[in-house]
Structure formats: C-alpha cells, structure tokens
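Undergrad: Dropping a structure here in structure tokens format, bear with me for questions.
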Protein chains: 4
Amino acid sequence: MNTFGNIFRLTTFGESHGTAVGGIIDGMPAGIPVDMEFLQAEMARRRPGQSSITTARNEADQVEVLSGVFEGMTTGTPIGFEVRNANQHSSDYDALRDVYRPSHADYTYQQKYGLRDHRGGGRSSARETLSRVVGGAFAKMALRTLGIDVKAYTSQVGNISLDNDWTKYDLSLIETNAVRCPDAHSAALMEQLIREVKADGDTIGGVITCVIQGVPAGLGEPVFGRLNAALGAAMLSINACKGFEYGMGFAQCGCRGSEMIDTFQPTSASGDSNQTLLKTEANHSGGIQGGISNGAPIYFRCAFKPVATLLKPIPTVNRQGEATILQARGRHDPCVLPRAVPIVEAMAAMTILDFYLLNKTIHI
Amino acid sequence: MNTFGNIFRLTTFGESHGTAVGGIIDGMPAGIPVDMEFLQAEMARRRPGQSSITTARNEADQVEVLSGVFEGMTTGTPIGFEVRNANQHSSDYDALRDVYRPSHADYTYQQKYGLRDHRGGGRSSARETLSRVVGGAFAKMALRTLGIDVKAYTSQVGNISLDNDWTKYDLSLIETNAVRCPDAHSAALMEQLIREVKADGDTIGGVITCVIQGVPAGLGEPVFGRLNAALGAAMLSINACKGFEYGMGFAQCGCRGSEMIDTFQPTSASGDSNQTLLKTEANHSGGIQGGISNGAPIYFRCAFKPVATLLKPIPTVNRQGEATILQARGRHDPCVLPRAVPIVEAMAAMTILDFYLLNKTIHI
Amino acid sequence: MNTFGNIFRLTTFGESHGTAVGGIIDGMPAGIPVDMEFLQAEMARRRPGQSSITTARNEADQVEVLSGVFEGMTTGTPIGFEVRNANQHSSDYDALRDVYRPSHADYTYQQKYGLRDHRGGGRSSARETLSRVVGGAFAKMALRTLGIDVKAYTSQVGNISLDNDWTKYDLSLIETNAVRCPDAHSAALMEQLIREVKADGDTIGGVITCVIQGVPAGLGEPVFGRLNAALGAAMLSINACKGFEYGMGFAQCGCRGSEMIDTFQPTSASGDSNQTLLKTEANHSGGIQGGISNGAPIYFRCAFKPVATLLKPIPTVNRQGEATILQARGRHDPCVLPRAVPIVEAMAAMTILDFYLLNKTIHI
Amino acid sequence: MNTFGNIFRLTTFGESHGTAVGGIIDGMPAGIPVDMEFLQAEMARRRPGQSSITTARNEADQVEVLSGVFEGMTTGTPIGFEVRNANQHSSDYDALRDVYRPSHADYTYQQKYGLRDHRGGGRSSARETLSRVVGGAFAKMALRTLGIDVKAYTSQVGNISLDNDWTKYDLSLIETNAVRCPDAHSAALMEQLIREVKADGDTIGGVITCVIQGVPAGLGEPVFGRLNAALGAAMLSINACKGFEYGMGFAQCGCRGSEMIDTFQPTSASGDSNQTLLKTEANHSGGIQGGISNGAPIYFRCAFKPVATLLKPIPTVNRQGEATILQARGRHDPCVLPRAVPIVEAMAAMTILDFYLLNKTIHI
C-alpha cells in the first residue's frame, strides 16, 4: 500500500532518519522530455527552511534519478529516484524512543507493527511527501504536453480565509508570497497570524484550494473509480489532511437543487452529434459529473489540521502508559499549508495523468 | 474500476433499466453464518417508496444469492447475487434519448463512451448502490463477529442541522423516523423541510454522519492506503456525495494545535509494554492517527448535494447542442439522505472489513 | 483472486451445484457489436455431451446477459451474465460429503476454508470455466475488429501426437472432428484411444496447442508483466493444466543458441526508421521476445493431465482419515482435451485483449 | 507492471548501464530479523564472474538497504534498496545503437516505446534480476521462521540431464559445483559441455528444477490465483525462461488417470476431523491440487533457452532494416543456468511468502 495509482504508479520508500527516501515511478509514458531544472524547482517549493514561516531545517533535497531516462527523454521504463537523508539530527529524537507523541502516529505504528523507527516520525514523517513531489513533477511534464495545468494555493489559515472562489484571483500570483496565496492582502494577514502562532510555540490549520484546467471530458472510471473519489483519496493520503470537498462541496448541503444546476450553454452542432462538446453556465459541479470530467475546470478544497508538534511542553505517556511531559526539540512548521501546496498539486497531477492514461483503454 | 476493495472486494454490474443489477463479493471470510433476513432488511432501508418523503417507486429489490453460501455458511468462495429489474417504466425516459439532463452524467458518459443507455440514468443511476448494500450486509455479518458496529444517520438537511456531535445522541433511535436522524425534534423539522421542497418540485441536500465503534488499533495501510483515505474514497464514490471529512475535519482548519491534541490517558502497564493499550481524553482525530486506527471510535461526515432531477421544467440542450426544455417524469427523491444512510454504512463496513483482513498480513 | 486481467477483467462466481454460475466482464471496450449467436456457439463447444467422447451430462448452458449491452452494442459498462444450474444430480454426490477424492481439490479446499461445498467439486469444478468462455467470446468480438485470431487444437492425446508444428496444418479443419485436431488421421487415432480409455473406466491426458495470429508488435509489459508470463498464468489457471511452454519451449533446452536464433529479414526502410516493421526468418521465439510481441504468430502448448475421476473403484480416505473405497457415479469426461480447446482460446483471447488495451497507455 | 506480488510486493527499476538498479519491497512482515550476510551471499550466487563457466564481468553487486530496517529488524515499512552500476563498459555497446540483435528485446522495445536505451540491453538486461534476488533473500528470511525451504538446481544442460527426480538427490550438494547440480557426475559432464560450447562461441540451454519443502496445506487462491499459476507466471517472467511445468507436468500427458492418482494414506483421526492432516502415497501432483498446496513438497521445472548472444558474427539488420553483421563484444554467459538457479529460488520464495500472507485473510 505504498503504491499510488493504476497505470501511472508511484511507489515510495524511506523513513525520516533512514539512509534515504525515494521511490519508483512506473507507467510514465515514453518519449516525454525530462526537465530536471523544473523537477528541482518543485522540490524547492516543498523544502523546509525556504522562508521564515517554515521550519528552519535546511534539507538539500537533491533528487538523483537512477533509471528510466535516456538522453533526456523518458523511456517508458520505471524511473527510480532517491534523496539521501543528509541533515539528520537523530539525537533530537532520542527522548522519543519510549514516548508517544499525542495526535501523532507513534502509538498507532507501534500497535500495528509491534515496533517502530521512532526517529523523527520514521515512516509517518512528512519527509515521505518529498517522493510525491518527484512523482508529481514527472506527471506535470506529461500533462504539460496535453495542455493540462494544476495549481494550488492557500485559501485559509486559521480564521483568515479568502472571500471569493478561485475564478476571482490571478493564480500567477500564488508564488509571490511565502504563504502561497494569490491575494496579497490576505497573504499578509496569514503570514502575520503564522508568526504569532509560532511565537506562542503553537501551530495553526487551514485550507488549500486546487484548480485543474484543461482536463478533457471523459476522465474518471465509474463506479468506484470516480475521478472525485480518486482525487479525494489522493488528498486524504497527505499527512494532516482531514477533509476533502469538490465543486461546491459541503456548501451544497444547505442548498436546493434548482440553485445548484449547471445549465448547458446551447451551441451549434458539430459534425458528429454524439460528440458535440458542450459548456455549462455555472460550475457548481467542480468539473466532474457522475464521476467523469465534463471539460470544465476541476476544483476542490482540502482541510489541513494544525499539526500536533508544539514547541512547548505537553503532557503525554510513555510505552508503559506512564504520564510524562513531552518537550519537542526538533525544528517544525507552525503551519504546514505553504509547503503542502506543491504536495497537493503533485497528488492531483499524478491522479489526472493516471486517469488520462486509463481513459485511453475505453475504446479499441 | 467497477471493483471496490483489496481483499474483501465487491464488483458490481447493472443499469437502472437493464435486465438486472447485482455483483460478486470476493474475499468474504469463510465460515461466517449468513443472515438472509438481515440482508433483506438492509435492502428495505435503501428501497425507494419506503416512506412518504422518498420516491414512490416500489422496487421489490429481492436479492437472490447465487453462490458462495452452503448450508447457511459462507464458504470463502465468491458470492454472486442479483436483483432483477422488475418495475421498469422505461417509457418515462424516452424523451431523454437525445437530451442531456444538466448536472447529471448523461453528457459525461456520452463523451467517455461514445454511446450510453439513456434509460433512467443507465449505469450512473443510484440503483447501482443496491449492490453496495448487499456487499455491506455481508461485511456487517463478518464485523458482527468481531464486535465492530457501523451506524450512520442524517445530521443535516438543508439549513437544519444537529447541534451536537454523535456522542450526545442515542444512536438506537436512528431508525425511529423516516429521515434517519437520532434527534426526534430535528428529525421532524427535516421531514417538514423535505415535504416543502417536494411540494416545490425541488430537491435539498444535507450531511450524513457515520460512526464506527469497536475497531481495534492498527487498521490502515501507510502511506497511500491510510484508513481515512480509503473511507474517503468509499464515500466519494457514492452518487451525489461532494465532500468527506473525518474527526474534526474542516472545523480544525480554524484551530490551533494546542486545542486539537488528543492527550493520552495514563494507564497501568500491561505485561508487554510494546503493546500497552491506550485511550485518549478527547477524540478530535476521529479514531485515526497517521492513517491507522487508534482504537477510539471512528467518525466522519459526508456532504450530499441536492440531486439535479427536479419535478419542474428546466432548460437544457439536446445532443446537437440545441436548447430544449426538460420535464422529468419519473419518480424521484426530493432528498436522498434518508436512503443514502444505509449506503454510507455499507461502504464503511466493507472498508473496515477489508482493512481488518489486510492487517492480518502485517505479521507472520 | 476470482478476477482475471488488468484492464479487461473477468470476475467469476459459482459452484457446480449452486444456483448459478456466471461473472462480470469489466473493461470491455465501448461500441463493439455484440454477436449473441457467436457467444452461444462458443458455449456449445465447451458444453458436456456434445459428442460420444465427452461426458453425457446435457447442460443447456444458456447464457443470459444482464447488463452492459444496449441496442446490440457494448456500452463500456460491466457485462454481468449468468447460466443457471439446471441439470443437477446433487444426490450423485451425497457419498462425497465426508470422502476426499484423491488428486482432486476436496482435501485442499477443506484445509484452506475449513468447510466446502462437496457437491460436484463445488467451486473447484470445471463448470466454472463456462464463465471464462463467455469472457473469451466477448474478447474475441473485440479482437475480431483488430484482425486478431485465436485458434487452439488438440495436438496430443496419450501417446498419439502430431508430428509437425502448427504451420503444417489447416487450422480451419479443427472443428471437423470431435477431438478438435486439424489432422484427420491423428484425430481418428485419438478418438479411438479415448474410447478405449473410457471403456476401461479410465482417463487420459494430452496437449493443446494454441496459435494467435495478427497480434501487432509491442504487446507485453516488462518486466513482471511479460506477455508470455501472462499467457502462462492464464493457461495454468485452467483446471488440469500442468505445464505451459511457448515458442520452442522445453525443446530449446537441448539446443545451442546458434540453432535457435530468429534472424531478421532485411527490408526496405520505412519513412520513420524508429518504427520500421521487421519480420524474422524463423519463429523459434513464438512471437514474443523480451516479453513483448514482435508481430510474428504467437504459439504455445499446454499440458493437461488425465483427470482423476475414474469410473472404477479407487481406494481413498474420509475426513477422519479412515480408509474407504470411492466409486464415482456422476458423468465424467475420459479426456478433457476436446472441451478444453475453447477454454484455452478464451483465456488467450482475454489475455491478448487485456494487453492490447494496456499497451495503449504507453504513450500520451 | 514492474511490480510483482499481491501482499508481499517487489517493484524494480534500473537499466543495465544506467546509474543504478534496485527496487522496493512492500508488504514485508514486521519484526523479522535481517541477515545482511545472507543477503550478500545470495547476491554472490547470482553474480557474474563467479566461476570459469560464467561471464567474466566482475560486478561487485553490493546491495545498499535504504529503509525499512531498524536496529536489525524489519519494521513493516517498505524496504528500498539499490546496487550502483559500477563496472560499465558502455562503449562495448556503441555499435548496437542502430542494430537489432536477433532473438533479443531490442526490436520489441523499440516498437513498444518508440525509443530505447540500447546499452547492454537496457531494461531488458538480466541485470534486473539482481533486484529479484534481493527480494527473494528477504522473503527467505521470513520463510525461514516458518520452516519453509526453497532449493533449485540445474537438472539439464543441453543433452545432459539427470535421470531421477529430486527425491533421489542430496540437495545439500547443489552448491558444491559451479553448475549447481546435486549429482557430481552429471555436474562434471555439464561443465564439460558448457566449456565446449563456450569454446565454439555458442550458448546452450537447459532445465532448472525447484523444490519447496515445508509449505503448509491451504496456500493458493482459486480460481485465477492458483498457486501453480502464480509460480508459473513468476518463472516465465525470468529472462530466457520458455516453459514451466509442475508435478509430473508434460510427462502426464501420455499417462492414464489411474497411473497418476495420489492416493491418501489412511491416518488416525485428529480431534477436529474437519482439519485432519493427510499425506499422499505418491506426489504426482507436485504438492498442489486444485490450485492449493496440500502439504506435500512442491516441485516444478523451468525451461531455459540458450541465450542469443553468441561470441561469433551473426547476420542481422539495423533500424533501417538493412542487412549487417553483428559481432558481440561484451562478456556473456555461454549458459545462464548456474546463475539462474538463485533467481528461480528468489521468485519462488517471494511467491510462497505472498500466498502465505494472502492465506491469512481467508478467516476472521
């Protein structure tokens, strides 16, 4: 279950403080030009220490591609890759050998496996998401050739949230601030909040919105492989993600059907009426109807909880169940949202490419 | 992609107005007593026409089990089953042969497959969920022997929602009203609202909450097979489901980490401290940490949109893209929530059983 | 594990003496004309009682298609189907409730599942292969549109075997005799041998050869999804199949490399030299090199053991391990080869279609 | 399709002359002691240059384990590993950029992917099997704790083959000679033959026999996941393997059923007669009946062709289809059998462990 996807498949390995993290991308289409500069730029977006509001860990995160690329092109064979774990402060974690951090995976891994690598969260560490960003970067290289674009941004931090939906913002501004929010004013408020929270030794949650443009109609596999179900599973597999909604999502629950209908725009018929391309007036559906893309932009929102690693003492228990006090010492993010943006994009890109490839099998 | 699950797998077939709908359950554990009365009772909970606030279609929905059961016990071999499509008013749908219903799957199926069975939504009809209830009933028979209980209820209809979380209600009251809400007062208001909406020829959305009790610690497969990701995909594969959140979900986004921590309760050590069972004070996590169950009750919420089939004329287009008026004639639910409750339970039960079985492979 | 295939997937259910056997075909391409007459003719080829050298059971084997076909065309949605078990002589099997037939699956099913349906072999009965022939018939309908043809024949029965390889026979003669052998003289000898064996209450094994023509180069998924590995698994999943070899197979073991090389025929270059189509002088490789089809005919051979159900008393034990005598009473084949021919074809057809569809995902 | 297995899964990457080859083992049971010395010894058995009858390439093949092992124990999380490609003579292969080697995968890869890494066979090189030996070594570590033992040996080279079945040999002698044959006399003849073939610049094929002892009854998943089908697919996925037979295999085709029956040995009843353990007099079935292990030793045979890389000039064509002469220059094995023995064992070990874990899901 360390594999994601059907045709385009990412398998990952690695613990936070092991020798390396990495993975294998299988099913990458052949003949796609490989842009290593772009790959490394994506890694930089996820990297700790990139701004004053993220953790001060300075991981180099240099990806080494080990196979599957020949003379600058993908060959269709699996792409092995790795990132060595260079900057390890394992001694920061010695105190955690026998202590369970509350609201972390320490206790559940111990119960499941009967033993665990306690250093830095081991396999449950968000360092694993590094491999997802590599997978996502390759997926984006393929999607680029199809004119499909994936963009995510921070739309809420704590009680500060954007007032409008994605269509009202210039998404090219996302990368212009540390919090990755396309609205400069809100971004400033969010940053300010994160600084306050950090000063308190606390953490804060938020929402990431993702928009996928250029997806053709027809992607999604009824009935259990609905595109929305696949996107939901992809997002909910990200550390700290507690919720997923697409289109109008939970907001639709309070509405009447007559308010939510995406009326078709009449159009002049094409030659083959079976395949006449249509557009809708509104897009409450979020680009997916009956689990299949309809050609409109796909958008969804992901809830991220405030992470449980506080920089102040908190009560917990050890493996014997005895009360103790936990004092986290490592370097941690007060708010994971800015660094989670590229991870959301990566998971979305891999999902869309996977379903694009799957959809090619519908007809002979 | 008409298969759900890893070890316990349900594959379904069938269109709304074809000969039959049904499926195959593979991976059902051997030696489980089969309770056919319970199975049929579960079907009755999903059945149209069960109350004045659901559609008046009166489908008998008599399940025939074709294999996999011998002398009252499961044999471990696949369970084939079917329900014949008896009460078909296909002529109700003749007008839909060349017309796309907005916010339905008509257009997307046509785009994907190049042709479609237009009668009653064909494969995209919610009649397919009947097979899920069968799968869920068998999963529940197995979970019952493990002391695992799955219960869902309607927690919101339109703007009427329950004030409290699930711990404040007596879940044995869920089936005492047509709307399947454990709070009698709210249930009455919800029913009243649904009647009003129905009188308007309109529809209304809502939220279903699901609670799973008795799940042992250790279920869930990192990193992509997180239990929450699997539950999310299961729910988002249900028709009209637009969102999923577990534990505190989206509400956590506005909170600080220090407010959301599930502190462990100190306990006296067991013999093997590696496996000391722990409980937490609160359960903001929703029974899952790091993608793995921690032994606390699992709870989550699913957003259901108001369905798009209105009983009043709405503008749409035909296959040529020409404007036309759609007048739905079939019998439809003004609110799918009451009938979706057993479907949510079924998907949850199948997911939990599947991960229970998967977890048996962790150790030799 | 009752599912076969990756994209084109057949899931089967049913016991020999249960209510019905059947299955679900998922991933059938959309828009393929459905030939029900052909489907039923394929069933007739597998049917017991079709000639004096097969079992006298007269199963009607009328397939009912329950979904996935609309107005004579496949819709791309799953095709559910079933065959009711009409002609059941369950009482023939009462004596087997507590007795293990040697070299059958009675004991192994009991050990695996802790219980079993003892009637007629239950799930382990070759009646399950009926569903494979249905799946194969649909696969053939799709392959027909691609110009791919699958033909199998009996090439050995006991010590009587064909002298030459498939290229020396007129495969259109296969169906002209009961044993399904393209050589009339050998066929007569084989039939004679089967009659003698039957008269002795005994059974006899043999070999089926299969030839697939028209397969384009490029099918097969390295490294574990080699086309030969998939074909081998498909054949070895058939009851009584004990061996598989492709191309020159075991005969190559005694040879030198210089004798076995398939030299390319020089050709005039095409416009795109990357895709110049080549042919080989010989075809020792059996149409597959490095696990990928090379455009030459694919051929392979399957070993079938003599089935263990004899029509004379044989010593065995009961569930308590006590010695007893088994006297089979049902109606059984003295030689399964003639009826296994369409099953081999069905498995081959499904495999090839599956890999044809998979291969579409290699490029964007 | 670069993944093997269901629960215990190996995914591999790497080309012959890329940066590294390696893989990820997922589903390894937790808490198994890791024996790195044993792992490296297994690698040495597959390594080129280990004797005068194998290729003179001297690959160090030092495995680096990157994750999934903590303080000497498996943690249940994925085991990433790699072997750097140190000793590359890529220039040996420059001449192959535009030339297709006959009976190799050059042409089929080119047809499938539209491009290929021509150096040393790229992904189709047998160097990929190195990763399988790593996977097999971990599987063996787990099987060892269950008392399951996997041993393979060379039973035929060219026209020299062992006269008896495996029960007549002392399998502890397999590693006492370079050809890996438990019969010293035959081994000497085989070595002599390989030397002659090598002197001719030619190659020679043969047969490997594998025996698995200690497998409990009950492994194997009907109907498509028969244990024999899984073993067959595993073996046929090995480079140069052209055939697979288990139990009496093709030899059964000429026999009568009465000769091939594995009669049960009467035994005194156990407490629970449903689970009385039985043995059979003979073992023509090869330890598998109805696709499920019966507790007897499992044995099978694999046909290996003589590899097509000759050390003398052979005619072939280039990408334009023009005739040319191929003169292989690298270092190659005149007979792959000795080095394939550990690969056969590795694939068998992984298959058995996978099905052992799968079988744990049959009961609650």
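The values are calculated or read from the model by the stated rules, or taken from the named source; none is laboratory data. These figures come from a predicted structure and were not determined experimentally. With ideal geometry, Cβ positions are generated from the backbone for all residues, glycine too; neighbour counts draw on all protein chains shown. Quick note on the areas: whole protein, heavy atoms, side chains included, nothing else; ligands and nucleic acids left out. Shrake-Rupley method; radii C 1.70, N 1.55, O 1.52, S 1.80 Å.
Undergrad: Straight-line reach from C:Lys168: which aspartates and glutamates have a Cα under 12 Å away, not including same-chain ones fewer than 8 places off?
TA: C:Asp183
Undergrad: Calculate one ³J(HN,Hα) per residue across the range A:284-300 by plugging θ = phi - 60° into the Karplus curve 6.51 cos²θ - 1.76 cosθ + 1.60, and present them in order as whole Hz with x for glycine and proline.
TA: After applying 6.51 cos²θ - 1.76 cosθ + 1.60, I find 4, 6, x, x, 9, 9, x, x, 10, 4, 10, x, 7, x, 8, 9, 7 Hz.
Undergrad: Here's another thing I want to ask about it. Quick one: the Cα spread of the range B:271-350 along its three principal axes, in angstroms, biggest first?
TA: 73, 25, 23
Undergrad: Which value, in debye to the nearest 20, gives the size of the charge dipole of the protein assembly as shown about its Cα centre, when Lys and Arg are +1 and Asp and Glu are -1 at the Cβ? Intermediate results must be reported in sequence, preceding the final value.
TA: Details: 132 positive and 144 negative charges, 0 e Å.
Roughly 0 debye, rounded to the nearest 20.
Undergrad: Would you tell me the mean number of C-beta atoms belonging to other protein chains that fall within 10 Å of each C-beta in A:197-209, as a whole number?
TA: Working: counts 3, 0, 0, 3, 2, 4, 6, 5, 11, 3, 3, 1, 0.
Going residue by residue through A:197-209 and averaging, the value is 3.
Undergrad: In the full protein assembly as shown, how much of D:Glu245 is accessible to a 1.4 Å probe, in Å² to the nearest 10?
TA: Surface accessible to solvent at D:Glu245 totals approximately 20 Å².
Undergrad: Dipole magnitude of the range D:102-170 about its Cα centre, charges +1 at Lys/Arg Cβ and -1 at Asp/Glu Cβ only, in debye to the nearest 20?
TA: On the way: 10 positive and 7 negative charges, 75 e Å.
I would put it at about 360 debye.
Undergrad: To the nearest 100 Å², how much accessible surface do chains D and C cover up together, summed over both, with a 1.4 Å probe? Before the final figure, lay out each step's value.
TA: Details: alone 17430 and 17440 Å², together 25900 Å².
The contact between C and D buries close to 9000 Å².
Undergrad: Continuing with the same structure: Run through every distinct alpha carbon pair of the range B:234-274 and return the Kirkwood hydrodynamic radius in angstroms, one decimal place. Working shown, then result.
TA: Working: mean 1/r = 0.0710 Å⁻¹.
Value: 14.1 Å, from the Cα pair sum.
Undergrad: Right, something else. Computed over the Cα atoms, what is the radius of gyration of the range C:168-298 divided by 2.2 N^0.38 Å, N being its residue count?
TA: Working: Rg = 18.6 Å, N = 131, 2.2 N^0.38 = 14.0 Å.
Relative to the 2.2 N^0.38 Å estimate, the range C:168-298 comes out at 1.32.
Undergrad: Any idea what the relative contact order of chain C is, in percent, if you count C-alpha pairs under 8 Å spaced at least 6 apart? Each step should come with its number before you reach the end.
TA: Working: 720 pairs, mean separation 82.5, N = 364.
So the answer I get is 23 percent.
Undergrad: Let me know the Kirkwood hydrodynamic radius for the protein assembly as shown, please, with Cα pairs as the basis and the value in Å to one decimal. Provide the component values of the computation, followed by the final result.
TA: Numbers: mean 1/r = 0.0304 Å⁻¹.
It works out to 32.9 Å.
Undergrad: Looking down the axis that turns B into C, which residue of B has the closest beta carbon, and how many Å out?
TA: B:Thr11, 2
Undergrad: For B:Lys112, which lysines qualify as cross-link partners when the Cα separation must be under 28 Å and same-chain residues fewer than eight apart are set aside?
TA: Once the sequence-local lysines are set aside, what remains near B:Lys112 is A:Lys140, A:Lys151, A:Lys279, A:Lys360, B:Lys242, B:Lys305, C:Lys140, C:Lys360, D:Lys112.
Undergrad: Please list the helices of chain B that count as membrane-span-like by this rule: a mean Kyte-Doolittle hydropathy of at least 0.0 together with Cα atoms stretching 30 Å or more along the helix axis, each helix being a complete DSSP H run.
TA: Helices passing the filter in chain B: B:337-359.
Undergrad: Could you pull the accessible area for D:Lys305 with a 1.4 Å probe, rounded to 10 Å²?
TA: Near enough 30 Å² of accessible area.
Undergrad: Put one equal scatterer on each alpha carbon of the range A:209-364, apply the Debye formula with no solvent term, and list log10 I(q)/I(0) at q = 0.14, 0.16, 0.17, 0.18 1/Å to two decimals.
TA: Listed by q, the Debye log ratios stand at -0.81, -0.96, -1.04, -1.12.
Undergrad: Of all the Cα-Cα pairs you can form in chain C, what percent are over 36 Å apart?
TA: Numbers: 16347 of 66066 pairs.
When every Cα pair of chain C is considered, 25 percent fall beyond 36 Å.
Undergrad: Going 7 Å from Cα along the Cα-Cβ axis for the label, what nanometre distances separate C:Met36 from the same residue across the other copies?
TA: Label-point distances to the other copies, shortest first: 2.9, 6.1, 6.7 nm.
Undergrad: Next up: Using θ = phi - 60° and the Karplus form 6.51 cos²θ - 1.76 cosθ + 1.60, what ³J(HN,Hα) does each residue of the range C:5-20 get, whole Hz, x for Gly and Pro?
TA: x, 9, 9, 7, 10, 10, 10, 10, 9, x, 10, 3, 10, x, 6, 7
Undergrad: Something else now. Counting partner chain Cβ atoms within 10 Å of every residue's Cβ in A:311-321, what's the average? Could the numbers behind the result be given before it?
TA: On the way: counts 1, 2, 0, 4, 5, 5, 8, 5, 7, 7, 12.
What the average comes to for A:311-321 is 5.
Undergrad: What are the distances, in nm and sorted shortest first, from the label point of D:Arg331 to the label points of the same position in each other copy, with each label point placed 7 Å from Cα along the Cα-to-Cβ direction?
TA: For D:Arg331, the other copies' label points sit at 4.7, 6.7, 8.1 nm, shortest first.
Undergrad: Please compute the Cα-Cα pair-distance distribution of the range B:1-53 with 5 Å bins starting at 0, giving whole percents from short to long.
TA: 4, 14, 14, 24, 23, 13, 6, 2, 0
Undergrad: What are the semi-axes of the equivalent ellipsoid of the range A:305-364, taken as the square roots of 5 times the eigenvalues of the Cα gyration tensor, listed largest first and rounded to whole Å?
TA: On the way: eigenvalues 371, 52, 9 Å².
In descending order, the three semi-axes are 43, 16, 7 Å.
Undergrad: Using amide H atoms built 1.01 Å from N in the peptide plane, name the residues 5+ places from C:Thr324, or on other chains, whose amide H lies under 5 Å from its own.
TA: Here C:Thr316, C:Val317, C:Asn318 satisfy the definition.
Undergrad: Tabulate in residue order the Karplus-calculated ³J(HN,Hα) for the range A:161-170, using 6.51 cos²θ - 1.76 cosθ + 1.60 with θ = phi - 60°, rounded to whole Hz; enter x for Gly and Pro.
TA: Calculated HN-Hα couplings, in order: 9, 5, 7, 10, 7, 4, 5, 8, 10, 8 Hz.
Undergrad: Tell me which residues come under 5 Å, amide H to amide H, from C:Thr280 once H is placed; ignore anything under 5 positions away on its chain.
TA: The list, which skips near neighbours in sequence, is C:Gln265.
Undergrad: Which distances, in nm and shortest first, link the B:Asp200 label point to the same label point in every other copy, taking 7 Å along Cα→Cβ?
TA: 4.0, 8.4, 8.9
Undergrad: Another question, if that's okay. Size of the dipole of the range A:290-363 about the Cα centre, Lys and Arg at +1 and Asp and Glu at -1 on the beta carbon, nothing else charged, in debye to 20? Mind dumping the intermediate values first?
TA: Details: 8 positive and 4 negative charges, 47 e Å.
Using only the charged Cβ atoms, the result is roughly 220 debye.
Undergrad: Quick one: give the max-minus-min coordinate of the C-alpha atoms of the range D:1-141 along each principal axis, largest first, in Å.
TA: Taking max minus min along each principal axis of the Cα atoms, the range D:1-141 gives 50, 35, 22 Å.
Undergrad: Hull surface divided by four, with the convex hull built on the Cα atoms of the range A:106-242: how many nm²?
TA: Numbers: hull surface 45.4 nm².
Over all viewing directions, the range A:106-242 projects a mean Cα-hull area of 11.3 nm².
Undergrad: Among the aspartates and glutamates, select those whose C-alpha is under 16 Å from the C-alpha of D:Lys198, and discard any that sit fewer than 8 residues away in the same chain.
TA: Straight-line reach from D:Lys198, under 16 Å: C:Glu259, D:Asp333.
Undergrad: A follow-up question, please. Under the rule of at least 5 residues apart or a separate chain, name every residue whose amide H is placed under 5 Å from the amide H of A:Gln289.
TA: The answer is A:Asn294.
Undergrad: Need one value for B:19-25: mean number of C-beta atoms belonging to other chains within 10 Å of its residues' C-beta atoms.
TA: Working: counts 8, 6, 3, 7, 5, 10, 2.
Partner Cβ neighbours, averaged per residue: 6.
Undergrad: Could I ask something else about it? On each of the three principal axes of the Cα atoms of the range D:205-277, give max minus min coordinate, whole Å, ordered largest first.
TA: Computed over the Cα atoms, the extents are 50, 27, 23 Å.
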